Amino acid sequence: MTRRVLMFVTAVAVMTAIAVLAPVVRAQRGGPVGLAQGLQGAYAGLKSNLTQAAEIVPEAGYGLKPSTMQEVRTYSQVIGHVADAQFGQCSGALGTPNPGQGNSLEAPGKSRADVIKGLADSFTLCDKAFEALTDQNASEMIPNGRGGQTARAVALLGVIAHGNEMYGVSTVYQRAQNIVPPSTAARGRGRGGRGN
């Protein structure tokens, strides 16, 4: 029963993501958008936003915490967390060993350059996973890393969902440093349409 509910909720989430993103992808490429193409388009947007978010903050900002709460990550740890997660998620989707295993980019003391390189490397791995996704293999069951199985598209939707969540978190750190987040700058507007 719980598995059916989880599969139903996951299917609704995937279909909602595609419904939201389909007009954007269709406008860019023309024509109907399938499951794989919709997820690939969402991933491309995520990759652009997170790459720019990592690059836009200077070295000094990488140690910033927007709170005095001990459990709050530094900016470096937020971006490093994304890279670590993507290494795990995308290697799982590809059925390959995790190349980041044993080298946490979220660990304290990582330099800005190390974190940016790690994020880029995690995107290189994820590029392969998303390029391999087709409408035909989207429902193929793959190991989920927790002893069960999940559909390939669901695993890759997890990359997008988690990445977008963490991108949203990163914008708080950017705003705290008077930096306009990349997604806002790209739209040429911000609060009240002023571009900030």
Next item on the list: Report the residues of region 64-106 in range of a label on Arg175: point 7 Å along Cα→C-beta, backbone N strictly under 19 Å from it.
Entry: 64-69, 72-76, 78-79
Next item on the list: Can you figure out the FRET efficiency of Met141 with Asp121, using R₀ = 22 Å and their beta-carbon distance, to the nearest 0.05?
Entry: 0.20
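Would you list Asp135, Asp121 from fewest to most Cβ contacts within 10 Å? Let's see the in-between values first.
Working: Asp135 12, Asp121 16.
By the 10 Å Cβ count, ascending: Asp135, Asp121.
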Margin query: Within a 10 angstrom radius of the beta carbon, how do Ile56, Ile116, Ile79 rank from fewest other beta carbons to most?
Written below: Ile56, Ile116, Ile79
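Computed from the coordinates by the stated procedures, all read-outs in this text should not be read as laboratory data. As the structure is a prediction and not an experimental result, all values here were calculated from the model. Note that each Cβ is placed from the backbone with ideal geometry, even for glycine, and that neighbours are counted across all protein chains shown.
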